[in-house]
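A short worksheet on the structure shown next.
The values are calculated or read from the model by the stated rules, or taken from the named source; none is laboratory data. These figures come from a predicted structure and were not determined experimentally. Because the Cβ atoms are built from the backbone with ideal geometry, glycine has one as well, and the counts that use them run over all protein chains shown.
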Amino acid sequence: MEPLGYKPSTFNTFAAVMIGYLVNAGVPRLGEVVKCTLLSRYEKVRADKLIGTIVMERAVDVVCLVVVFMLALFFQGHVIGQFVSSLFGDFFRTASGDTSVTKILLYAAAFIGIVYFLLKRFGHIDAAVKIKNIIKGILHGLQSIRFIKHKGWFVFHSILIWVLYFASTTIGIYALQETAHLSLGGGLTTLAVGSVGMVLTPGGIGAYPLLVSKLMGLYGLNETTTGNALGWLLWTVQTVIIVFGGLILTALFSYHNKNKRPSEARTKLTDEDIAPI
């Protein structure tokens with residue numbers, strides 16, 4: 001937010017993020033709106049200007065998720081390959097019945113090429129326009145990184161977030177005696193597959209434990225017992241942190257700003273602040 005001329009307090013910014021996570025656990029993407037609204041209400045920040053920062057965040061998340069999948073494919077290709085194959089049947093199998101990583105990469109490249117052609121050919125259709133706007137938003141978000149004052153720190157912390165995601169799933173792997181032998185490789189594939197579950201349903205409820213249990217089945221473990229135990233353990237820990245952290249920060253946020261009227265933030269805006277940037 002600094003390149004936009006805003007310097008909200010660290011506490012209010014952190015609290016807004018945690019409250020946003022809490023809301024997202026129930027209603028996807030609504031948390032982003034709430035986060036912007038809270039900062040706009042009590043800080044010298046315009047809500048509409050914060051949308052760009054959210055687009056940048058999501059763009060970086062998409063890239064990081066793709067990188068995680070590529071790393072999982074590289075280090076645990078046989079498992080990720082089996083997981084993809086279990087979802088799409090024999091589509092990615094060789095004539096001998098084995099999962100083909102080469103096929104997965106070729107089909108992925110072909111899919112991207114087909115999507116590009118269709119968007120180019122039928123770009124005037126509403127659905128195509130929406131997809132193009134999403135892609136443009138991601139690219140715009142990535143390009144916006146060049147305007148950040150502390151680019152190195154931004155990249156470092158973006159990587160650190162996903163390293164900590166990886167650490168949390170790996171700790172969960174080691175927490176169960178039945179999965180401890182999967183070590184770092186198991187943590188990496190669980191992070192990749194579990195992240196998909198978080199995207200599919202609000203807060204990953206249902207989808208996250210299910211996908212993790214299916215993944216454990218590919219490692220030769222019992223899906224019903226060990227798989228479900230690990231999936232629900234990881235999901236529960238994350239959810240508890242989000243719920244309790246969000247509730248605590250909601251209370252602290254209200255207390256911290258109880259003597260600060262919402263109108264104060266708005267009256268401080270100058271002509272320079274509201275001019276297009």
Determine which member of the set 201, 170, 179 is under 20 Å from the mean Cα position of the chain (by Cα), of a type in the set (Ser, Thr, Tyr), within 30 Å of residue 226 (Cα to Cα) and modelled with pLDDT of 90 or more. 170
Here the qualifying pairs (Cβ atoms under 6 Å; residues six or more apart or on different chains; first in region 193-204 and more than 15 Å from residue 243 (Cβ to Cβ); second among the β-branched types (Val, Ile, Thr) and modelled with pLDDT of 85 or more) come out as 194/212
If we ask which residues in region 172-182 are free of Cβ contacts under 8 Å to residues at least 40 places away in the same chain and either in a helix (DSSP H, G or I) or charged (D, E, K, R) (or both), their number turns out to be 4
So, first residue in contact (Cβ under 8 Å) with a residue 40 or more places away in the chain and over 11 Å from residue 205 (Cβ atoms) in region 226-239, second residue surrounded by fewer than 17 Cβ atoms within 10 Å (Cβ to Cβ) and charged (D, E, K, R), Cβ within less than 9 Å, six or more apart or across chains; the pairs are 226/178; 229/178; 230/178
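Residues are listed down the side, and each one gets a yes or a no for (1) of a type in the set (A, V, I, L, M); (2) within 22 Å of residue 20 (Cβ to Cβ):
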| residue | (1), (2) |
| --- | --- |
| 145 | yes, yes |
| 176 | yes, no |
| 188 | yes, no |
| 197 | no, yes |
| 204 | no, yes |
| 211 | yes, no |
Note on region 1-20: residues buried (at least 20 other Cβ atoms within 10 Å of the Cβ) and either farther than 23 Å from residue 150 by Cβ or of a type in the set (Val, Ile, Thr) (or both) are 19
Filtered residues of region 4-37 (kept if in contact (Cβ under 8 Å) with a residue 40 or more places away in the chain and either basic (Lys, Arg) or outside any helix (DSSP H, G or I) (or both)): 5, 6, 27, 28
Residue 207 among the aliphatic types (A, V, I, L, M), free of Cβ contacts under 8 Å to residues at least 24 places away in the same chain and in contact with a Ser or Thr (Cβ under 9 Å, 6 or more places away or on another chain): yes
For residue 60, state whether it is part of a helix (DSSP H, G or I) and of a type outside the set (D, E, K, R). yes
Among all residue pairs at least 6 apart or on different chains, which show Cβ distances below 7 Å where the first residue, located in region 155-171, is at negative phi and the second is β-branched (Val, Ile, Thr) and surrounded by 13 or more Cβ atoms within 10 Å (Cβ to Cβ)? 158/60; 162/68; 169/190
Breaking point among (1) buried (at least 18 other Cβ atoms within 10 Å of the Cβ); (2) in a helix (DSSP H, G or I), for residue 44: (2)
Test: residue in region 129-138 that is over 16 Å from residue 188 (Cα atoms), modelled with pLDDT under 70, surrounded by 13 or more Cβ atoms within 10 Å (Cβ to Cβ) and not β-branched (Val, Ile, Thr): yes
Hey, could you check region 249-262 for residues that are in contact (Cβ under 8 Å) with a residue 12 or more places away in the chain and among the hydrophobic types (A, V, I, L, M, F, W, C) and say which is surrounded by the most Cβ atoms within 10 Å (Cβ to Cβ)? 249
